[in-house]
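Colleague: Provided herewith is a single structure, encoded as structure tokens, for subsequent inquiry.
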Amino acid sequence: MTAAPAEPPWISESPGDPWPAEPRPVTEVPLRAELARTAPEQKTRLRPGGGFILDAPDTVPAVWGEGDDVLWARGEALMLVGGPGVGKTTVAGQLVRGRLGLASDVLGLSVRAGRRRVLYLAMDRPQQIARGLRRLFTAEERHRLDERLSVWVGPPPADLAQSTHTLVELAQSADADTVVIDSLKDAALGLTDDQVGAAYNRARQLVIAAGIEVLELHHQVKRGANGTAPNTLADVYGSAWLTAGAGSVVLLAGSAGDSIVELRHLKQPAGDVGPLRVIHDHTAGTSSIWHGTDLLAMVCAAPAGLTAKAAAQALFSTDKPSPSDEQKARRRLDALVKSGHLRRQDGRAGGPHGSTPTTWHDASVLEPPELA
């Protein structure tokens, strides 16, 4: 009897390879039947190559962010990761406010309002989610909430990895352009299995292909490599296909109930945002960037004003900050301008004395007349 041929090497897993082999489909659907079922989708998803490639925007279109500082790109899932009680639902609630058109920014970065409804899958302790979100909304906003927000309470109608069309059908039945999954562990069983992870990713991509934005709340492992605190992409719980299919992965690191946690951008659609220190107001359910007194003290110690380069050198402990580091410092300084702590003096290009950089000054010190 002829021995069965060995599997091709490109689908075999080596013991040291952190990436799993491409899993086989959980179920096989006859191609003809699947094409017939998805005929309406093909009209919008089958595009000419020239337009798909050459008409793409030069910058990353953002749901949450601006310029190179993008935490949630349009058409790409955002995964918020962290341990219990670090503020994932708090941040998600503020993003929901933004998508409903009730807030313009979260953590100092703009949020693009949606045009249709938000579908919130409140699967992980829904009553606790309701209490958390209640801090953010008022009785005067009830009409907007009823009009623009739909909430699914409890487990989904089917395992989203076993029934990969369930999520997009739920979103479309709610007329939603945004889906919030709180949390991922309740959406599918067996997330450490690569077939389950790949199947869930298919469900996610079907939603995105339908023009619906996806926000997922997820957990990390309890301990990172060698017992360290989990703070890398590899420390996100479950199959690698979960993070591989996400456009952006943001970690909130801290202990349950902490008022100040750290935000780390583990996977970026554009530039690297952070690390940032985030302070949660547990009473109001809001979050902001915590600057401490470092930048304020530096400005007070600089009579001629503080430049973004000097701030970046101090913040990131480097003599040669990158353009990205300077942009992060500039954004933090501008946030202190917005809060009324600093004032900004824009620089000048050229002139008899050459170029001068933009500087930031103590807002309590009056601006000299010659600079007015």
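The values are calculated or read from the model by the stated rules, or taken from the named source; none is laboratory data. Remember, predicted model here, so these are calculated numbers, not experimental data. All Cβ positions, even for glycine, are placed from backbone atoms using ideal geometry, and neighbour counts span all protein chains on display.
Colleague: Kindly evaluate residue 67 against the criterion of being under 24 Å from residue 263 (Cα atoms) and either among the aliphatic types (A, V, I, L, M) or in contact with a strand residue (DSSP E or B) (Cβ under 7 Å, 6 or more places away or on another chain) (or both). Reasoning before the result, please.
Modeller: Values: under 24 Å from residue 263 (Cα atoms): yes; either among the aliphatic types (A, V, I, L, M) or in contact with a strand residue (DSSP E or B) (Cβ under 7 Å, 6 or more places away or on another chain) (or both): no.
Here the answer is no, as residue 67 does not meet what is asked.
Colleague: Looking at the range 259-280, which of its residues are touching a Ser or Thr at 6+ places or on another chain (Cβ under 7 Å) and modelled with pLDDT under 90?
Modeller: Residues satisfying the conditions are 271, 272.
Colleague: OK, next. Every residue in the range 305-326 that is over 16 Å from residue 345 (Cα atoms) and of a type outside the set (Asp, Glu), please.
Modeller: Going through the range 305-326, the residues over 16 Å from residue 345 (Cα atoms) turn out to be 312-326.
Listed by number, the residues that qualify are 312, 313, 314, 315, 316, 317, 318, 320, 321, 322, 323, 324.
Colleague: Would it be correct to say that residue 101 is in a loop (DSSP other than H, G, I, E, B), without any contact (Cβ under 8 Å) to a residue 60 or more places away in the chain and of a type outside the set (Phe, Trp, Tyr)?
Modeller: Details: in a loop (DSSP other than H, G, I, E, B): yes; without any contact (Cβ under 8 Å) to a residue 60 or more places away in the chain: yes; of a type outside the set (Phe, Trp, Tyr): yes.
The answer is yes for residue 101.
Colleague: Within the range 238-272, count every residue that is within 30 Å of residue 283 (Cβ to Cβ) and touching a Leu at 6+ places or on another chain (Cβ under 9 Å).
Modeller: Filtering the range 238-272 down to residues within 30 Å of residue 283 (Cβ to Cβ) leaves 248-266.
Subsequent filtering for residues that are touching a Leu at 6+ places or on another chain (Cβ under 9 Å) retains 248-253, 261-266.
Looking only at that region, the number is 12.
Colleague: Another question, then. Would you please name the residue that is surrounded by the most Cβ atoms within 10 Å (Cβ to Cβ), looking only at residues in the range 156-173 that are touching a strand residue (DSSP E or B) at 6+ places or on another chain (Cβ under 9 Å) and part of a loop (DSSP other than H, G, I, E, B)?
Modeller: Top of the filtered list is 160.
Colleague: Search the range 105-122 for residues being in contact with a helix residue (DSSP H, G or I) (Cβ under 7 Å, 6 or more places away or on another chain) and assigned to a loop (DSSP other than H, G, I, E, B), and hand back the single one that is modelled with the lowest pLDDT.
Modeller: For the range 105-122, the residue satisfying everything is 108.
Colleague: Would you please name the residue that is farthest from residue 249 (Cα to Cα), looking only at residues in the range 176-226 that are of a type in the set (Lys, Arg) and either part of a helix (DSSP H, G or I) or outside the structural domain of residue 119 (by TED's automatic domain parsing) (or both)? Break it down stepwise before answering.
Modeller: Step one: filter the range 176-226 for residues of a type in the set (Lys, Arg), giving 185, 202, 204, 222-223.
Next, from what is left, pick out any that are either part of a helix (DSSP H, G or I) or outside the structural domain of residue 119 (by TED's automatic domain parsing) (or both): 185, 202, 204.
On the way: 185: 16, 202: 18, 204: 15 Å.
Restricting to residues being of a type in the set (Lys, Arg) and either part of a helix (DSSP H, G or I) or outside the structural domain of residue 119 (by TED's automatic domain parsing) (or both), the top hit is 202.
Colleague: Kindly check whether there is at least one residue in the range 131-138 that is part of a helix (DSSP H, G or I) and either touching a Cys at 6+ places or on another chain (Cβ under 9 Å) or surrounded by fewer than 17 Cβ atoms within 10 Å (Cβ to Cβ) (or both).
Modeller: We begin by selecting, within the range 131-138, every residue part of a helix (DSSP H, G or I); these are 131-134.
Still in the list and also either touching a Cys at 6+ places or on another chain (Cβ under 9 Å) or surrounded by fewer than 17 Cβ atoms within 10 Å (Cβ to Cβ) (or both): 131, 134.
Yes, the range 131-138 contains at least one residue that is part of a helix (DSSP H, G or I) and either touching a Cys at 6+ places or on another chain (Cβ under 9 Å) or surrounded by fewer than 17 Cβ atoms within 10 Å (Cβ to Cβ) (or both).
Colleague: Can you go through 209, 176 and tell me which one is under 26 Å from residue 115 (Cβ atoms), within 19 Å of the chain's Cα centre (by Cα) and crowded, with 22+ Cβ neighbours inside 10 Å?
Modeller: Working: 209 fails: crowded, with 22+ Cβ neighbours inside 10 Å.
From the options 209, 176, the qualifying one is 176.
Colleague: Criterion first (at pLDDT 80 or above and within 21 Å of residue 107 (Cβ to Cβ)) does residue 344 satisfy it?
Modeller: Numbers: at pLDDT 80 or above: yes; within 21 Å of residue 107 (Cβ to Cβ): yes.
It is true that residue 344 is at pLDDT 80 or above and within 21 Å of residue 107 (Cβ to Cβ).
Colleague: For residue 167, all conditions in the list (1) within 18 Å of residue 185 (Cα to Cα); (2) over 20 Å from the mean Cα position of the chain (by Cα) hold save one; what is the number of the exception?
Modeller: Status for residue 167: all satisfied but (2).
Colleague: Looking at residue 259 and the list (1) farther than 19 Å from residue 90 by Cβ; (2) over 14 Å from the mean Cα position of the chain (by Cα); (3) hydroxyl-bearing (Ser, Thr, Tyr), which single condition is not satisfied?
Modeller: Exception for residue 259: condition (1).
Colleague: When you check residue 326 against the structure, is it acidic (Asp, Glu) and closer than 18 Å to residue 358 by Cα, yes or no? Working first, answer last.
Modeller: On the way: acidic (Asp, Glu): yes; closer than 18 Å to residue 358 by Cα: yes.
Against the criterion (acidic (Asp, Glu) and closer than 18 Å to residue 358 by Cα), residue 326 qualifies.
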